[in-house]
Amino acid sequence: MKFLYLLSLVIMVGLLTVSSWAAPHVMSYQEWKKQRVSQANLIHGRLVQQKRKTGGLSSDKEDRLKKARLNAALAEEMGPHDYFELYLIRNYPNNFEALKEAARQMKPEELAEILVVYAKEVVQKNQGAGPASSKWYSQSPDHVAGGNR
């Protein structure tokens, strides 16, 4: 009986140790974007309500309203490359497991957009590397080809 107790204890400790090595919870691109848009719209909405309620805003709050409107529009335009730079790299630096989890959750088109942006940056660093490097610009999607960053 004591043996079974010790065996179950060893197994539980082993499972806890293995689960602590698992990848951290990483928000998917879609979750992250939805959260960013929601937060920006919430701030904008609160300022608009305050303006309606009071009949106006101070110049400081009017500036905040303009910035909130801009932030809401920018949040809508954020792409997978923004997710990579603003969320993954900042929150999970040097965490290979987190990157694998993020890549697993992404649609192929989203992952391709990150790779296109990365490829363009490599080409720009190596200007004059040859004709093969210019192909990235002509083959990338329109919204990425223009450098929408």
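Could you tell me which numbered condition Leu111 fails, if it satisfies all but one of (1) loosely packed, with under 15 Cβ neighbours inside 10 Å; (2) within 14 Å of the chain's Cα centre (by Cα); (3) not assigned by TED's automatic domain parsing to the domain that holds Tyr29?
Leu111 satisfies every listed condition except (1).
Which residues, taken from segment 92-104, are part of a helix (DSSP H, G or I) and without any contact (Cβ under 8 Å) to a residue 60 or more places away in the chain? Spell out how you get there, then give the answer.
Just the residues of segment 92-104 that are part of a helix (DSSP H, G or I), to begin with: 96-104.
Phe96, Leu99, Ala103, Arg104, listed by residue number.
Rundown of residues vs (1) in contact with a Pro (Cβ under 9 Å, 6 or more places away or on another chain); (2) among the polar types (S, T, N, Q); (3) free of Cβ contacts under 8 Å to residues at least 24 places away in the same chain; (4) farther than 28 Å from Pro24 by Cα, yes/no style:
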residue: Ile43; (1), (2), (3), (4): no, no, no, yes
residue: Lys51; (1), (2), (3), (4): no, no, yes, yes
residue: Asp60; (1), (2), (3), (4): no, no, yes, yes
residue: Asp63; (1), (2), (3), (4): no, no, yes, yes
residue: Ala72; (1), (2), (3), (4): no, no, no, yes
residue: Ala75; (1), (2), (3), (4): no, no, no, no
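Being buried (at least 17 other Cβ atoms within 10 Å of the Cβ) and either out of contact with any helix residue (DSSP H, G or I) (no Cβ under 7 Å at 6 or more places or on another chain) or not acidic (Asp, Glu) (or both) is true for just one of Leu47, Leu42. Which residue is that?
Leu47
Identify the residue in segment 50-87 that is surrounded by fewer than 17 Cβ atoms within 10 Å (Cβ to Cβ), hydrophobic (A, V, I, L, M, F, W, C) and under 30 Å from Ala103 (Cβ atoms) and, among all such residues, is farthest from the chain's Cα centre (by Cα).
Among them, the one singled out is Ala73.
Within segment 77-91, track down each residue that is assigned to a helix (DSSP H, G or I) and not polar (S, T, N, Q). Walk me through how you get there before you give the answer.
First pass over segment 77-91, keeping only residues assigned to a helix (DSSP H, G or I): 77, 80-91.
Once the filter is applied, which keeps residues that are assigned to a helix (DSSP H, G or I) and not polar (S, T, N, Q), segment 77-91 yields Glu77, Pro80, His81, Asp82, Tyr83, Phe84, Glu85, Leu86, Tyr87, Leu88, Ile89, Arg90.
The values are calculated or read from the model by the stated rules, or taken from the named source; none is laboratory data. Source: prediction; values computed, not measured. Glycine also receives a Cβ, built like all others from the backbone with ideal geometry; neighbour counts cover every protein chain displayed.
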